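Trainee: Dropping a structure here in structure tokens format, bear with me for questions.
The values are calculated or read from the model by the stated rules, or taken from the named source; none is laboratory data. Remember, it's a predicted structure, so these values are computed and weren't measured experimentally. Cβ sites come from the backbone with ideal geometry, for glycine too, and all protein chains shown count toward neighbours. Side chains included, ligands, DNA and RNA excluded: accessible areas come from the protein's heavy atoms. Shrake-Rupley method; radii C 1.70, N 1.55, O 1.52, S 1.80 Å.
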Amino acid sequence: MKPTERSTHASGARTSGGGRRIAAIASLVLIFLSVLLWAAAPGGGEKLSRGLIVAVNPEGKPYLGWRLLREDPPGVAFHLYRQTAGSAPVRVNARPITDSTNFVDAQAPLDRENRWFVRAIAGGRELPPSEAVSLPANPPPNQVFTIRLQGDYAANKVAIADLDGDGWFDYVIKQPAASLDPGSPRPSPDTYKLEAYNGRTGKFLWRFDLGWNMNMGVWFTPYLAADLDGDGKAEVALKMAPYAATPQQALISPNGFVLEGPEYVMVLDGTTGREIARADWIERGDPTRWGDDSGNRVNRNQIGIARLDGKRTSLLVARGTYTLMYLDAYNLVDGKLVKLWRWFGDDDQPPIRGQGAHGMYVYDFDGDGREEILLGSVMVDDNGKTLWTNRLGHPDVFYVADIVPERPGLEIAYGYETRQKANGIQVAEARTGRMIWGHPGPTAHIHDWGMLADIDPHNPGFEFYAAEQNRSLGQWLYSAREGKLLSTEDLGSISLRPFYWLDGPQKVYHVFSYRKPDTDFQRYRDKELLGRFEGRLIAIADVVGDWREELILARNGALCIATTTVPATSRHITLMQDPLYRNAVAHVSMGYFYPPNASYNLFPEAFLDAKPQ
């Protein structure tokens, strides 16, 4: 079943008193059953609020957006209410809102303070009101929500989860913004600190200093936030070593890296930052056995989550990308990390080595009700056994989505860093790893993030963009559905970051560059920018409002969440209740920043106009 919510119009027919009672009872039963189905479904563990927001669009009008939830009954409608300067609430919509989950309140008297809330309508009855949002009198145009940090520094990464169980996403940043790559040994200039902030109030919650035994860099310090014990509140898991307050106390080697001493995975309480549990990280052993003597390949670490039994969230610890590959799985039980299994690529014959990516995807790929782990060119089953490997090596560009809707299951878009005679850019079946189509010519080194997104209105479905590290060797934009080459034009970067912002199936995208201090974005083949926000883009996620995505931006002294104010004419269940999308957002705080995709097509009608050749 595709979980896309399609628009319907609420009936205006009146019923008798008995009919109203029957409708009300039926509505309550439907709501109860839908909640049970939602709670039992993978990815349904977070209980979300309506996520109502108000922003002021460029024309100076209040834009309101809220979530459609998986537990909402089919055909649910909404009423939006406004209170002005403490007066009685007034409904601002003339008819029940059924075709979207946003509204521009053009009649709001902005010379006074205003407050809004929404009420769902099911079975002809209004349900309890949502949380309220407000604007002061005479608000200027603004579509950015700002969380002030504790100093003049910027975030390097951000983890997104509900730390206190209030139905709003909170933010755990890693600061400062500087980062070292294991491929270039040198001393860390500082220590990383994790800081937690309440996403609704912006309140600072806690700080955790990793100390000088943890080198500054993405691959040395993976972390994430997720509800590991099932209490409705997220914990924070991270790679850690014995705390060293000064460089003199740390086990720093002559090249600047820490290559000896204990390492462990630690779990912190999400509301306080206090340690709950720890276990040994995958042992490094002799660092040279990983393939070099500089501390590069041994320091390729990742962390993740998966519902290995289809119900509870387990913690994943990974080490190794280019040579040896390990994966450990744990459950957090009664305040202790209990190891479930270890997968080691060398246990397979022939050994599985060098098949890792710079991230992982977790989903129920084989339809057995339990989630598997895609580490790159190898997939690990929920029981810690290898499902498949294609042995093509390390993919730098790496995305999962329902790319070919005519085929069952999901697909993988690969761009291989390892040199290939052919098929170095390809789309493969996720369940088996079998290639569906591939780039016919040779590739030398497909590099960075590329892009998988529907950006071209003239081509049904996703486009897949990948490029050589040496740009003179080429870049290619394919119709991802069937492998038709659309263009070899340079789109401005090896790394493009797409997201839903406008009305409809096409995404816009940010042309990423390390030299850009701001985040601007555009439509495909449109030179005019659609917008620009101050700050570096560090995450994309549907964290508030309707189904369009927010931009999480890192500025000096602030974490900012930018939202669209473009009205939508369709509605969809919040993307954060889709398990593939939610897991991808959980993993954005470690590894490469791969923009997330849902496990289904939000606009299936977009595929009706054309068939694959």
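Trainee: Just to be sure before I move on: is Arg571 assigned to a loop (DSSP other than H, G, I, E, B) and either in contact (Cβ under 8 Å) with a residue 60 or more places away in the chain or farther than 24 Å from Tyr600 by Cα (or both) in the structure I sent?
Mentor: yes
Trainee: Of all the residues that make up region 74-91, how many are surrounded by fewer than 20 Cβ atoms within 10 Å (Cβ to Cβ) and either outside any strand (DSSP E or B) or in contact with a His (Cβ under 8 Å, 6 or more places away or on another chain) (or both)?
Mentor: Matching residues across region 74-91 total 8.
Trainee: Return a yes/no flag: does region 136-150 have any residue that is over 30 Å from Tyr171 (Cβ atoms) and either within 24 Å of the chain's Cα centre (by Cα) or surrounded by 15 or more Cβ atoms within 10 Å (Cβ to Cβ) (or both).
Mentor: Within region 136-150, none of the residues are over 30 Å from Tyr171 (Cβ atoms) and either within 24 Å of the chain's Cα centre (by Cα) or surrounded by 15 or more Cβ atoms within 10 Å (Cβ to Cβ) (or both).
Trainee: (1) farther than 30 Å from Asn213 by Cβ; (2) touching a residue at least 12 places away in the same chain (Cβ under 8 Å); (3) of a type outside the set (S, T, N, Q): which one isn't true of Ala318, the others all being true?
Mentor: Tallying (1) farther than 30 Å from Asn213 by Cβ; (2) touching a residue at least 12 places away in the same chain (Cβ under 8 Å); (3) of a type outside the set (S, T, N, Q), Ala318 fails exactly one: (1).
Trainee: Tell me which residues, restricted to region 326-340, are open to solvent by 10 Å² or more (accessible area, probe 1.4 Å) and under 23 Å from Arg391 (Cα atoms).
Mentor: If the condition is that a residue be open to solvent by 10 Å² or more (accessible area, probe 1.4 Å) and under 23 Å from Arg391 (Cα atoms), then Tyr326 is the only one that fits.
Trainee: Just to be sure I understand the filter: pairs with C-beta atoms under 7 Å, separated by 6 or more residues or on different chains, first member in region 261-285 and within 27 Å of Asp170 (Cα to Cα) and in contact (Cβ under 8 Å) with a residue 40 or more places away in the chain, second member of a type in the set (Val, Ile, Thr) and surrounded by fewer than 20 Cβ atoms within 10 Å (Cβ to Cβ). Which pairs pass?
Mentor: Listed by first residue and then by second, the contacts come to Val267/Ile276; Leu268/Ile276.
Trainee: Identify the single condition in (1) open to solvent by less than 20 Å² (accessible area, probe 1.4 Å); (2) without any contact (Cβ under 8 Å) to a residue 60 or more places away in the chain; (3) within 18 Å of Ala606 (Cβ to Cβ); (4) of a type in the set (A, V, I, L, M, F, W, C) that Trp501 does not satisfy, given that it satisfies every other one.
Mentor: It fails just one condition, (2).
Trainee: While we're here: Mind checking whether some residue in region 575-597 is surrounded by fewer than 16 Cβ atoms within 10 Å (Cβ to Cβ), touching a residue at least 40 places away in the same chain (Cβ under 8 Å) and in a loop (DSSP other than H, G, I, E, B)?
Mentor: The answer is no, given that none of the residues of region 575-597 is surrounded by fewer than 16 Cβ atoms within 10 Å (Cβ to Cβ), touching a residue at least 40 places away in the same chain (Cβ under 8 Å) and in a loop (DSSP other than H, G, I, E, B).
Trainee: While we're here: List pairs: first in region 114-139 and within 19 Å of Ser100 (Cα to Cα), second open to solvent by 30 Å² or more (accessible area, probe 1.4 Å) and among the hydroxyl-bearing types (Ser, Thr, Tyr), Cβ under 8 Å, 6+ apart or cross-chain?
Mentor: From region 114-139, the pairs are Trp116/Tyr81; Trp116/Ser134; Phe117/Tyr81; Val118/Tyr81; Arg119/Tyr81; Gly124/Thr15; Pro129/Tyr81.
Trainee: Is it fair to say Pro182 is open to solvent by less than 20 Å² (accessible area, probe 1.4 Å), of a type outside the set (Asp, Glu), more than 16 Å from the chain's Cα centre (by Cα) and under 16 Å from Ile252 (Cα atoms)?
Mentor: yes
Trainee: Here's something else I'd like to know. Is it the case that region 272-293 has a residue that's under 18 Å from Pro187 (Cβ atoms) and surrounded by 15 or more Cβ atoms within 10 Å (Cβ to Cβ)?
Mentor: Among the residues of region 272-293, at least one is under 18 Å from Pro187 (Cβ atoms) and surrounded by 15 or more Cβ atoms within 10 Å (Cβ to Cβ), which makes the answer yes.
Trainee: Moving on to the next point. I'd like the residue in region 302-325 that is open to solvent by less than 10 Å² (accessible area, probe 1.4 Å) and of a type in the set (Ser, Thr, Tyr) and, out of all such residues, is farthest from Val218 (Cα to Cα).
Mentor: Ser314
Trainee: Based on this model, can you work out whether Tyr514 counts as over 23 Å from Trp168 (Cα atoms), assigned to a loop (DSSP other than H, G, I, E, B) and modelled with pLDDT of 95 or more?
Mentor: When the stated conditions are applied, Tyr514 does not pass them.
Trainee: So which of Phe103, Phe117 ends up being open to solvent by 30 Å² or more (accessible area, probe 1.4 Å), within 17 Å of Asp546 (Cβ to Cβ) and of a type outside the set (S, T, N, Q)?
Mentor: Phe103
Trainee: Cβ-Cβ below 8 Å, separation at least six or inter-chain, first residue in region 521-542 and assigned to a loop (DSSP other than H, G, I, E, B), second among the basic types (Lys, Arg): which pairs?
Mentor: Partner pairs satisfying both residue conditions: Leu530/Arg523; Gly535/Arg555; Asp542/Arg548.
Trainee: Could you tell me whether Gly304 is in contact with a Leu (Cβ under 7 Å, 6 or more places away or on another chain), closer than 25 Å to Gly165 by Cβ and touching a residue at least 40 places away in the same chain (Cβ under 8 Å)?
Mentor: It is true that Gly304 is in contact with a Leu (Cβ under 7 Å, 6 or more places away or on another chain), closer than 25 Å to Gly165 by Cβ and touching a residue at least 40 places away in the same chain (Cβ under 8 Å).
Trainee: In addition: Restricting to strands (runs of 3 or more DSSP E) lying wholly in region 377-463: which have 2 or more residues that are open to solvent by 10 Å² or more (accessible area, probe 1.4 Å)?
Mentor: Answer list for region 377-463: 386-389, 435-438.
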